[in-house]
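Below is one structure; the comments refer to it alone.
The values are calculated or read from the model by the stated rules, or taken from the named source; none is laboratory data. What you are looking at is a predicted structure, and each value in this text was computed from that prediction instead of being measured. Glycine gets a Cβ as well: all are built from the backbone with ideal geometry, and neighbour counts include every protein chain shown.
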Amino acid sequence: MMTEKLTMAGALNQALRDAMHADESVVVFGEDVGTLGGVFRVTDGLTAEFGDRRCFDTPLAESGILGMAIGMAMNGMRPVVEMQFDAFAYPAFEQLVSHAAKMRNRTRGRVGVPIVIRVPYAGGIGGVEHHCDSSEAYYAHTPGLHVVAPAGPADAYGLLRQAIESPDPVVFLEPKKLYFSRAEADLASPVPPIGKAVVCRPGTDATLIAYGPAVPVALEAAEAAAQEGRSLQVVDLRSIVPFDDETVCAAVRSTGRAVVVAEAAGFASVSSEIVARVTERCFHSLHAPIRRVTGFDIPYPPPKLEHFQLPSVDRILDAVDDLQWEES
């Protein structure tokens, strides 16, 4: 096994490069992804290497970007499109929900749309409104879409390669604040498939369930809890849709207590669905109600207030303390 320290942006860039070498039908396009290499440099160098017919810039028209991708996918191509920032994707929402997600069902399985919609998402970069939304619930609520969120370079590489090879549309959520954090990764080693969660830290007292940008915070909270004598297990979902009930529920049953951590607002959210699914399946194993640590139910705040909005180690540990330990 050969590991190297990579950023998530570098791992994603390598995944795109390798996919384009492996399959000439893979094309990459979006706003500023060509000469500039993308706002976060994820597509850096691809136009120089593959030419402007396979990695190219588009007008600032997200609905047109995705509409074109659907037509290309229906005719044998594998488009990978970038929605420059999370909230910039909303003008393309109708194309995604009404057409990309429904095409296989609409055609009784005859026509698929193998599209990857790359979305730099969530907060932590001091961005302003329209640059820091957590929009996963919109996509997860739409049958026909797969929704994934890596939390490190190895998963970013492996999941993006799997997404590009998928016969169906995949919304690929890339945590912006993790783009340039480095971690050891072996890109040649296979990662679990889309739809599979992993236990990334063992523990016996309670289970923290997180995905995407919340995973490093959950791991930090588990490390802080260990200094206080409490053992917290951490589950990285990796895939929101399909959801891995088996791994998540086994983890919760093993500890009897759980906290869900997510940056998105809590009301009608992915975190709400996780709590519902786990409660339905693990009710008799729970020693306390499942708690949530999420963003607040407000529009994304200005940069100076961002740290109040995002889940923190202290907020997670407060939720853990509220798990009715005295009744166990």
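Under 7 Å between Cβ atoms, at least 6 apart or on separate chains: pull out the pairs that start in region 15-27 with a residue that is under 20 Å from residue 75 (Cα atoms) and in contact (Cβ under 8 Å) with a residue 40 or more places away in the chain and end on any residue that is surrounded by fewer than 16 Cβ atoms within 10 Å (Cβ to Cβ) and not aromatic (Phe, Trp, Tyr).
Final answer for the pair search is 25/76.
Filtering region 263-286 down to residues that are in a loop (DSSP other than H, G, I, E, B) and under 23 Å from the mean Cα position of the chain (by Cα), which residue is surrounded by the most Cβ atoms within 10 Å (Cβ to Cβ)?
Looking at the filtered set, the residue picked out is 269.
Tell me yes or no: at least one residue of region 153-167 is in contact (Cβ under 8 Å) with a residue 12 or more places away in the chain and touching a Phe, Trp or Tyr at 6+ places or on another chain (Cβ under 7 Å).
yes
I need a count of the residues in region 233-262 that are in a helix (DSSP H, G or I) and in contact with a strand residue (DSSP E or B) (Cβ under 8 Å, 6 or more places away or on another chain).
Number of matching residues: 6.
How many residues, within region 71-96, are crowded, with 21+ Cβ neighbours inside 10 Å and among the aliphatic types (A, V, I, L, M)?
7
Report whether or not residue 214 is outside the structural domain of residue 25 (by TED's automatic domain parsing) and surrounded by 19 or more Cβ atoms within 10 Å (Cβ to Cβ).
Criteria met by residue 214.
Given 87, 151, which one is of a type in the set (A, V, I, L, M) and modelled with pLDDT under 95?
Just one listed residue meets the conditions, 87.
Looking at region 15-48, which of its residues are out of contact with any strand residue (DSSP E or B) (no Cβ under 8 Å at 6 or more places or on another chain), under 25 Å from residue 152 (Cβ atoms) and not in a loop (DSSP other than H, G, I, E, B)?
Residues satisfying the conditions are 15, 17, 18, 21, 22.
So that you can scan it fast, the table gives a plain yes or no per residue for (1) under 24 Å from residue 172 (Cα atoms); (2) surrounded by fewer than 23 Cβ atoms within 10 Å (Cβ to Cβ); (3) assigned by TED's automatic domain parsing to the domain that holds residue 176; (4) at pLDDT below 95:
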| position | (1), (2), (3), (4) |
| --- | --- |
| 236 | yes, no, no, no |
| 256 | no, yes, no, no |
| 261 | yes, no, no, no |
| 297 | yes, yes, no, no |
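Determine whether residue 289 is in contact with a helix residue (DSSP H, G or I) (Cβ under 6 Å, 6 or more places away or on another chain) and assigned to a loop (DSSP other than H, G, I, E, B).
no
Scan region 300-307 and give yes if some residue there is surrounded by 13 or more Cβ atoms within 10 Å (Cβ to Cβ), outside any loop (DSSP other than H, G, I, E, B), under 20 Å from the mean Cα position of the chain (by Cα) and not acidic (Asp, Glu), otherwise no.
Looking through region 300-307, none of the residues is surrounded by 13 or more Cβ atoms within 10 Å (Cβ to Cβ), outside any loop (DSSP other than H, G, I, E, B), under 20 Å from the mean Cα position of the chain (by Cα) and not acidic (Asp, Glu).
Assess whether residue 142 counts as being under 23 Å from residue 273 (Cβ atoms) and surrounded by fewer than 20 Cβ atoms within 10 Å (Cβ to Cβ).
So residue 142 passes the test.
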